[in-house]
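This report concerns only the one structure given below.
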């Protein structure tokens with residue numbers, strides 16, 4: 001299941017550049033960057049409008065609000081970006097043409113993933129990065145450092161769901177099934193998974209009556225990249241942790257940023273590795 005079985009980086013670089021150029025040429029990158037910039041600026045400046053105030057309220061409130069937005073948008077965009085990476089080429093009849101060239105299946109898959117990753121990273125950095133200037137001006141360099149951590153974790157979230165999208169694209173028989181599976185994955189991981197966990201936690205009595213359920217709950221959160229992303233940002237600042245109030249059910253031993261970052265990295269590597277293994281056996 002290795003991604004690096006005697007691969008050469010020149011064809012990977014060529015495939016990645018082609019994939020990236022195709023996305024830029026379709027104005028997709030520009031549109032997403034504008035959407036991210038507008039939402040980020042609006043949340044950072046007008047996020048407190050319901051309390052009768054406008055302007056930058058502080059880094060904790062800004063990050064908490066942006067996390068609530070990102071956790072819905074980024075996974076959906078990543079899944080829609082990558083669901084047809086392989087199955088789309090197969091339906092168009094261009095996959096056999098690509099594989100007839102001096103490029104292996106692993107190189108093709110990795111090149112497509114890297115090109116799509118660059119197409120996702122550019123608008124993410126550009127859109128959310130514009131708010132960084134306001135963050136630095138209002139909160140100083142320390143606030144900008146923490147905001148940079150938020151952007152980095154957002155990139156990891158996008159790459160995790162892009163990896164899942166590529167796996168779906170390899171396994172699907174056609175684009176229709178791939179798109180349906182991608183949407184179903186978004187619904188389950190972003191909307192339904194937490195509801196199921198909360199229901200199970202309540203059913204077992206939570207911390208008061210069900211020790212097994214309370215102990216298992218934090219581990220189950222790590223099985224969802226969206227929850228890992230939320231935890232990464234919740235435990236990055238004490239003020240954000242207070243806003244969410246999740247510290248009561250999540251132990252500090254599992255709240256280590258290095259551990260959570262490793263889990264998020266696994267969510268990038270493992271689906272991509274499975275996709276490469278399945279694509280090579282096809």
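Summary table
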| quantity | calculated |
| --- | --- |
| Per-residue Cβ neighbour rank within 10 angstrom, fewest leading, 186, 277, 141, 28 | 141, 277, 28, 186 |
| For 183, 71, order by how many other beta-carbon atoms lie within 10 Å, fewest first | 183, 71 |
| Shape category assigned to region 75-120 from the gyration tensor of Cα positions, a/c cut at 1.5 | oblate |
| Residues 190, 269, sorted so that the one with the fewest Cβ neighbours within 10 Å comes first | 269, 190 |
| Protection proxy ranking, peptides 157-166, 60-69, 9-18, average beta carbon neighbours within 10 Å, highest first | 157-166, 60-69, 9-18 |
| Potential lengthening between residue 35 and residue 281 on full extension [0.36 nm per residue; Cα-Cα distance subtracted] | 84.6 nm |
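No value in this document is a laboratory result; all are computed from the given coordinates. From a predicted model like this one, the values you see are computed outputs, not experimental measurements. Don't worry about glycine lacking a Cβ; one is built from the backbone with ideal geometry, like all the others, and counts go over all protein chains shown.
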